[in-house]
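Read through the structure below, which is laid out as C-alpha coordinates, and then see the notes.
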Amino acid sequence: MIGRIDPHDAHAFDSWYEAYREAWLDGRETGGVIPREALRGAVTAERDDAAHQLHAAWEGDRIVGTLMLELSLKENTEYAEVCVTVVPDRRGRGLGARLLAEAERRMAELGRTVAVAEAPVPSGWSRRSWPGSRFALGHGFTVGLEEDSLLLDLPVAPELLARLRPDVGDYRMREWTGACPDDLVEAFADLYTVMQRDMPSGDMSYVPEVWDVERVRALEARRARAGTVALVTVAQAPSGGLAGFTVLSLVAGEDVVGQEDTLVTGAHRGHRLGQALKVHNLERLVRDFPDRPAVRTWNAVGNGYMRDINVALGFRVEERHLELERRAAVTGA
(Lines give C-alpha, C1' and ligand atoms only; values in the text may rest on other atoms or scores of the structure.)
Protein backbone atom coordinates (compact mmCIF):
# COMPACT_ATOMS: atom_id res chain seq x y z
CA MET A 1 0.00 0.00 0.00
CA ILE A 2 1.20 3.51 -0.85
CA GLY A 3 -0.15 6.48 1.07
CA ARG A 4 0.67 9.96 2.22
CA ILE A 5 2.54 10.75 5.45
CA ASP A 6 1.67 13.69 7.70
CA PRO A 7 5.09 15.14 8.62
CA HIS A 8 3.55 16.80 11.71
CA ASP A 9 2.81 13.31 13.10
CA ALA A 10 6.05 12.61 14.95
CA HIS A 11 5.73 8.81 14.95
CA ALA A 12 4.76 8.65 11.28
CA PHE A 13 7.60 10.94 10.26
CA ASP A 14 10.16 9.02 12.35
CA SER A 15 9.09 5.71 10.76
CA TRP A 16 9.29 7.27 7.30
CA TYR A 17 12.70 8.76 8.06
CA GLU A 18 14.18 5.48 9.30
CA ALA A 19 13.29 3.79 6.00
CA TYR A 20 14.55 6.77 3.98
CA ARG A 21 17.85 6.89 5.88
CA GLU A 22 18.44 3.14 5.62
CA ALA A 23 17.83 3.17 1.88
CA TRP A 24 19.79 6.36 1.14
CA LEU A 25 22.93 5.26 2.99
CA ASP A 26 22.95 1.61 1.94
CA GLY A 27 26.17 0.66 0.16
CA ARG A 28 27.75 4.11 0.55
CA GLU A 29 30.89 4.11 2.65
CA THR A 30 30.97 7.89 2.46
CA GLY A 31 28.49 10.61 1.71
CA GLY A 32 25.81 12.02 3.95
CA VAL A 33 22.10 12.06 4.58
CA ILE A 34 19.91 14.94 5.73
CA PRO A 35 19.69 14.73 9.54
CA ARG A 36 16.32 13.79 10.97
CA GLU A 37 15.49 17.09 12.65
CA ALA A 38 16.75 19.17 9.75
CA LEU A 39 14.50 17.29 7.36
CA ARG A 40 11.57 17.40 9.78
CA GLY A 41 11.96 21.17 9.97
CA ALA A 42 12.18 21.48 6.18
CA VAL A 43 9.02 19.49 5.45
CA THR A 44 6.91 21.09 8.20
CA ALA A 45 7.90 24.73 7.63
CA GLU A 46 5.24 27.11 6.38
CA ARG A 47 6.81 28.72 3.31
CA ASP A 48 5.65 30.87 0.44
CA ASP A 49 8.35 29.61 -1.94
CA ALA A 50 8.28 25.81 -1.50
CA ALA A 51 6.11 22.93 -0.31
CA HIS A 52 6.77 19.25 0.39
CA GLN A 53 4.85 16.00 0.23
CA LEU A 54 5.89 12.74 1.88
CA HIS A 55 4.53 9.34 0.82
CA ALA A 56 5.34 5.82 1.96
CA ALA A 57 4.97 2.23 0.83
CA TRP A 58 3.96 -0.18 3.60
CA GLU A 59 4.20 -3.91 4.06
CA GLY A 60 2.03 -4.50 7.09
CA ASP A 61 3.16 -1.99 9.71
CA ARG A 62 6.60 -1.53 8.15
CA ILE A 63 7.54 1.29 5.79
CA VAL A 64 9.65 -0.26 3.04
CA GLY A 65 9.77 2.59 0.51
CA THR A 66 9.62 6.37 0.58
CA LEU A 67 8.73 9.19 -1.78
CA MET A 68 9.41 12.87 -1.21
CA LEU A 69 8.25 15.66 -3.51
CA GLU A 70 9.57 19.20 -3.22
CA LEU A 71 7.57 21.81 -5.10
CA SER A 72 8.75 25.32 -5.87
CA LEU A 73 5.94 27.86 -5.47
CA LYS A 74 7.66 30.83 -7.14
CA GLU A 75 10.08 30.04 -9.94
CA ASN A 76 10.01 26.72 -11.80
CA THR A 77 6.41 25.95 -10.96
CA GLU A 78 6.30 23.23 -13.63
CA TYR A 79 8.96 21.24 -11.71
CA ALA A 80 8.87 18.70 -8.92
CA GLU A 81 11.95 17.41 -7.14
CA VAL A 82 11.41 13.67 -6.72
CA CYS A 83 13.21 11.38 -4.28
CA VAL A 84 12.32 7.67 -4.31
CA THR A 85 13.97 5.15 -1.98
CA VAL A 86 13.42 1.46 -1.26
CA VAL A 87 14.95 -0.38 1.70
CA PRO A 88 17.62 -2.89 0.61
CA ASP A 89 15.72 -6.10 1.34
CA ARG A 90 12.72 -5.06 -0.73
CA ARG A 91 14.47 -3.99 -3.92
CA GLY A 92 13.97 -5.65 -7.27
CA ARG A 93 10.24 -6.17 -6.77
CA GLY A 94 8.88 -3.17 -8.67
CA LEU A 95 8.30 -1.08 -5.56
CA GLY A 96 10.45 1.80 -6.76
CA ALA A 97 8.51 1.89 -10.04
CA ARG A 98 5.22 2.04 -8.13
CA LEU A 99 6.48 4.90 -5.99
CA LEU A 100 7.64 6.74 -9.11
CA ALA A 101 4.21 6.19 -10.66
CA GLU A 102 2.68 7.72 -7.53
CA ALA A 103 4.98 10.72 -7.99
CA GLU A 104 3.82 11.03 -11.61
CA ARG A 105 0.18 10.91 -10.51
CA ARG A 106 0.72 13.61 -7.89
CA MET A 107 2.61 15.75 -10.39
CA ALA A 108 -0.21 15.46 -12.91
CA GLU A 109 -2.72 16.59 -10.28
CA LEU A 110 -0.57 19.66 -9.64
CA GLY A 111 0.22 20.44 -13.27
CA ARG A 112 3.92 19.65 -12.83
CA THR A 113 5.50 18.38 -16.03
CA VAL A 114 9.22 18.14 -15.21
CA ALA A 115 10.65 15.75 -12.62
CA VAL A 116 14.15 16.38 -11.30
CA ALA A 117 16.11 14.02 -9.09
CA GLU A 118 19.51 13.45 -7.54
CA ALA A 119 21.51 10.23 -7.44
CA PRO A 120 24.82 9.70 -5.64
CA VAL A 121 27.25 7.30 -7.33
CA PRO A 122 29.94 6.02 -4.92
CA SER A 123 33.53 5.61 -6.00
CA GLY A 124 34.07 2.32 -7.81
CA TRP A 125 30.61 2.36 -9.37
CA SER A 126 29.31 3.75 -12.64
CA ARG A 127 26.01 5.47 -13.30
CA ARG A 128 24.84 2.28 -15.05
CA SER A 129 25.87 -0.08 -12.24
CA TRP A 130 24.86 1.82 -9.08
CA PRO A 131 21.22 0.90 -8.23
CA GLY A 132 19.90 4.42 -7.70
CA SER A 133 21.28 5.98 -10.86
CA ARG A 134 20.53 2.83 -12.87
CA PHE A 135 16.89 3.04 -11.74
CA ALA A 136 16.62 6.72 -12.74
CA LEU A 137 18.22 6.21 -16.14
CA GLY A 138 16.08 3.15 -16.76
CA HIS A 139 12.95 5.22 -16.14
CA GLY A 140 13.72 7.92 -18.65
CA PHE A 141 15.72 10.42 -16.62
CA THR A 142 18.71 12.05 -18.30
CA VAL A 143 21.80 13.45 -16.59
CA GLY A 144 21.86 17.24 -16.66
CA LEU A 145 24.74 17.99 -14.30
CA GLU A 146 27.52 16.06 -12.58
CA GLU A 147 29.03 17.15 -9.28
CA ASP A 148 31.63 15.63 -7.00
CA SER A 149 31.06 15.38 -3.26
CA LEU A 150 34.33 16.19 -1.49
CA LEU A 151 35.38 15.86 2.16
CA LEU A 152 37.98 17.82 4.11
CA ASP A 153 39.25 16.32 7.37
CA LEU A 154 39.59 18.79 10.23
CA PRO A 155 41.46 20.46 11.70
CA VAL A 156 43.31 22.08 8.82
CA ALA A 157 46.83 23.08 9.81
CA PRO A 158 46.99 26.84 10.54
CA GLU A 159 50.23 27.01 8.55
CA LEU A 160 48.45 25.68 5.46
CA LEU A 161 45.62 28.19 5.77
CA ALA A 162 48.10 31.02 6.29
CA ARG A 163 50.04 29.95 3.21
CA LEU A 164 46.87 29.76 1.12
CA ARG A 165 45.47 33.09 2.29
CA PRO A 166 45.96 35.39 -0.72
CA ASP A 167 46.61 39.11 -0.67
CA VAL A 168 43.38 40.69 -1.90
CA GLY A 169 44.51 44.30 -1.76
CA ASP A 170 41.82 46.75 -0.65
CA TYR A 171 39.04 44.17 -0.45
CA ARG A 172 37.85 43.54 3.11
CA MET A 173 36.42 40.40 4.67
CA ARG A 174 33.27 40.89 6.77
CA GLU A 175 31.74 38.05 8.73
CA TRP A 176 28.69 37.16 10.76
CA THR A 177 26.98 34.18 12.33
CA GLY A 178 23.27 33.74 11.74
CA ALA A 179 21.45 36.83 10.49
CA CYS A 180 22.96 39.23 7.97
CA PRO A 181 23.50 42.78 9.29
CA ASP A 182 20.76 45.17 8.19
CA ASP A 183 23.18 47.42 6.32
CA LEU A 184 24.26 44.53 4.06
CA VAL A 185 21.11 42.45 3.63
CA GLU A 186 19.86 44.02 0.40
CA ALA A 187 23.24 43.63 -1.27
CA PHE A 188 23.50 40.11 0.17
CA ALA A 189 20.16 39.17 -1.40
CA ASP A 190 21.49 40.42 -4.73
CA LEU A 191 24.47 38.07 -4.34
CA TYR A 192 22.11 35.11 -3.95
CA THR A 193 20.36 36.11 -7.16
CA VAL A 194 23.70 36.29 -8.98
CA MET A 195 24.65 32.93 -7.47
CA GLN A 196 21.50 31.35 -8.88
CA ARG A 197 22.25 32.79 -12.30
CA ASP A 198 25.96 31.97 -12.39
CA MET A 199 26.21 28.58 -10.71
CA PRO A 200 26.86 25.64 -13.04
CA SER A 201 23.59 24.10 -14.21
CA GLY A 202 24.77 21.90 -17.07
CA ASP A 203 21.81 20.78 -19.14
CA MET A 204 19.25 21.27 -16.39
CA SER A 205 16.49 23.54 -17.68
CA TYR A 206 15.24 25.31 -14.56
CA VAL A 207 15.33 29.09 -14.33
CA PRO A 208 17.32 30.90 -11.61
CA GLU A 209 15.63 32.04 -8.43
CA VAL A 210 15.31 35.75 -7.69
CA TRP A 211 16.19 36.69 -4.13
CA ASP A 212 15.15 39.68 -2.05
CA VAL A 213 15.48 40.71 1.58
CA GLU A 214 12.34 38.81 2.57
CA ARG A 215 13.69 35.59 1.09
CA VAL A 216 17.01 35.97 2.91
CA ARG A 217 15.28 36.61 6.24
CA ALA A 218 12.99 33.61 5.70
CA LEU A 219 16.03 31.37 5.09
CA GLU A 220 17.69 32.70 8.24
CA ALA A 221 14.52 32.09 10.26
CA ARG A 222 14.30 28.48 9.03
CA ARG A 223 17.92 27.89 9.98
CA ALA A 224 17.34 29.33 13.45
CA ARG A 225 14.26 27.16 14.03
CA ALA A 226 16.20 24.07 12.96
CA GLY A 227 19.20 24.90 15.16
CA THR A 228 21.47 25.38 12.15
CA VAL A 229 24.42 27.72 12.62
CA ALA A 230 25.52 29.58 9.47
CA LEU A 231 29.02 31.06 9.31
CA VAL A 232 28.96 33.70 6.57
CA THR A 233 31.88 35.69 5.18
CA VAL A 234 31.52 38.32 2.48
CA ALA A 235 34.13 40.21 0.49
CA GLN A 236 33.52 43.96 0.50
CA ALA A 237 34.97 45.92 -2.39
CA PRO A 238 36.81 49.22 -1.93
CA SER A 239 33.63 50.95 -3.14
CA GLY A 240 31.67 49.40 -0.25
CA GLY A 241 29.66 47.00 -2.40
CA LEU A 242 29.73 43.24 -1.93
CA ALA A 243 31.94 41.27 -4.29
CA GLY A 244 31.31 37.73 -3.07
CA PHE A 245 30.37 35.43 -0.21
CA THR A 246 30.71 31.96 1.24
CA VAL A 247 28.67 30.01 3.81
CA LEU A 248 29.51 27.14 6.15
CA SER A 249 26.48 25.40 7.64
CA LEU A 250 26.54 23.57 10.98
CA VAL A 251 23.35 21.50 10.99
CA ALA A 252 21.91 20.19 14.25
CA GLY A 253 22.41 16.44 14.52
CA GLU A 254 25.23 16.35 11.94
CA ASP A 255 28.91 16.46 12.92
CA VAL A 256 30.16 17.13 9.38
CA VAL A 257 29.95 20.79 8.39
CA GLY A 258 28.41 21.68 5.04
CA GLN A 259 30.21 24.07 2.72
CA GLU A 260 27.34 25.77 0.96
CA ASP A 261 27.48 28.44 -1.72
CA THR A 262 30.64 30.33 -2.66
CA LEU A 263 30.41 33.15 -5.18
CA VAL A 264 32.53 35.96 -6.58
CA THR A 265 30.66 38.26 -8.94
CA GLY A 266 31.98 38.69 -12.46
CA ALA A 267 33.23 42.25 -12.02
CA HIS A 268 35.47 41.19 -9.12
CA ARG A 269 36.95 37.96 -10.40
CA GLY A 270 40.67 37.65 -10.91
CA HIS A 271 41.59 38.82 -7.39
CA ARG A 272 41.56 35.33 -5.78
CA LEU A 273 38.60 36.34 -3.67
CA GLY A 274 37.04 32.87 -3.82
CA GLN A 275 40.10 31.37 -2.17
CA ALA A 276 40.31 34.22 0.35
CA LEU A 277 36.67 33.77 1.35
CA LYS A 278 36.99 30.02 1.89
CA VAL A 279 40.24 30.31 3.83
CA HIS A 280 38.80 33.03 6.07
CA ASN A 281 35.68 31.01 6.86
CA LEU A 282 37.67 27.83 7.52
CA GLU A 283 39.86 29.74 9.96
CA ARG A 284 36.70 30.82 11.80
CA LEU A 285 35.40 27.26 11.83
CA VAL A 286 38.60 25.74 13.20
CA ARG A 287 38.86 28.45 15.83
CA ASP A 288 35.24 28.55 17.03
CA PHE A 289 34.16 24.91 16.50
CA PRO A 290 37.30 22.82 17.07
CA ASP A 291 35.33 19.62 17.70
CA ARG A 292 33.98 19.35 14.15
CA PRO A 293 35.62 16.43 12.29
CA ALA A 294 35.17 17.40 8.65
CA VAL A 295 33.66 19.68 6.01
CA ARG A 296 31.71 18.41 3.01
CA THR A 297 31.29 20.37 -0.20
CA TRP A 298 30.06 19.82 -3.75
CA ASN A 299 31.89 20.83 -6.89
CA ALA A 300 30.49 20.84 -10.43
CA VAL A 301 32.74 18.66 -12.55
CA GLY A 302 33.38 21.47 -15.01
CA ASN A 303 34.23 24.10 -12.39
CA GLY A 304 38.00 23.73 -12.49
CA TYR A 305 38.75 26.95 -10.61
CA MET A 306 36.79 25.95 -7.51
CA ARG A 307 38.08 22.39 -7.72
CA ASP A 308 41.67 23.69 -7.64
CA ILE A 309 40.90 25.72 -4.51
CA ASN A 310 39.27 22.74 -2.81
CA VAL A 311 42.15 20.41 -3.66
CA ALA A 312 44.68 22.94 -2.36
CA LEU A 313 42.76 23.09 0.93
CA GLY A 314 42.90 19.30 1.22
CA PHE A 315 39.45 18.20 0.07
CA ARG A 316 39.24 14.70 -1.44
CA VAL A 317 36.51 13.24 -3.65
CA GLU A 318 34.00 10.95 -1.90
CA GLU A 319 31.51 10.22 -4.66
CA ARG A 320 29.87 11.56 -7.80
CA HIS A 321 26.40 13.13 -7.65
CA LEU A 322 24.12 13.22 -10.69
CA GLU A 323 21.35 15.76 -11.18
CA LEU A 324 18.73 14.26 -13.47
CA GLU A 325 15.66 15.49 -15.30
CA ARG A 326 12.68 13.97 -17.06
CA ARG A 327 9.87 15.69 -18.92
CA ALA A 328 6.44 14.16 -19.26
CA ALA A 329 3.13 15.35 -20.64
CA VAL A 330 0.42 15.98 -18.09
CA THR A 331 -2.38 13.47 -18.62
CA GLY A 332 -4.66 14.65 -15.84
CA ALA A 333 -5.41 13.47 -12.31
Filtered residues of segment 74-90 (kept if in contact with a Gly (Cβ under 9 Å, 6 or more places away or on another chain), in a loop (DSSP other than H, G, I, E, B) and of a type outside the set (A, V, I, L, M))
THR77, GLU78
Of all residues in segment 21-33, which are within 18 Å of LEU99 (Cβ to Cβ), touching a helix residue (DSSP H, G or I) at 6+ places or on another chain (Cβ under 8 Å) and in contact (Cβ under 8 Å) with a residue 24 or more places away in the chain?
GLU22, ALA23, ASP26
Qualifying positions in segment 13-28 - surrounded by fewer than 17 Cβ atoms within 10 Å (Cβ to Cβ) and part of a helix (DSSP H, G or I)
ASP14, GLU18, LEU25
Could you list all residues from segment 29-58 that are in contact with a Leu (Cβ under 9 Å, 6 or more places away or on another chain), part of a strand (DSSP E or B) and closer than 26 Å to ARG93 by Cα?
GLN53, LEU54, HIS55, ALA56, ALA57
Mind checking which strands (runs of 3 or more DSSP E) fall wholly inside segment 234-333 and carry at least 3 residues that are at positive phi?
none
Search result, residues across segment 47-70 that are under 22 Å from MET107 (Cβ atoms) and acidic (Asp, Glu)
ASP48, ASP49, GLU70
Just to check your reading of the model, which residue among GLU81, GLU70 is closer than 16 Å to TYR17 by Cβ and touching a strand residue (DSSP E or B) at 6+ places or on another chain (Cβ under 7 Å)?
GLU70
With the checklist (1) surrounded by 15 or more Cβ atoms within 10 Å (Cβ to Cβ); (2) under 19 Å from the mean Cα position of the chain (by Cα); (3) outside the structural domain of GLY178 (by TED's automatic domain parsing) in hand, flag the one item GLN259 doesn't pass.
(3)
Considering residues of segment 266-307 that are in contact with a strand residue (DSSP E or B) (Cβ under 6 Å, 6 or more places away or on another chain) and of a type in the set (Val, Ile, Thr) only, the residue farthest from THR228 (Cα to Cα)
VAL301
Selection over segment 1-57 where residues are of a type in the set (Val, Ile, Thr) and closer than 30 Å to GLY124 by Cβ yields a count of 3
Tell me, which residue of segment 210-239 that is among the charged types (D, E, K, R) and at pLDDT 95 or above is surrounded by the fewest Cβ atoms within 10 Å (Cβ to Cβ)?
GLU214
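The values are calculated or read from the model by the stated rules, or taken from the named source; none is laboratory data. These figures come from a predicted structure and were not determined experimentally. Cβ: placed from backbone, ideal geometry, glycine included. Neighbour counts: every protein chain shown.
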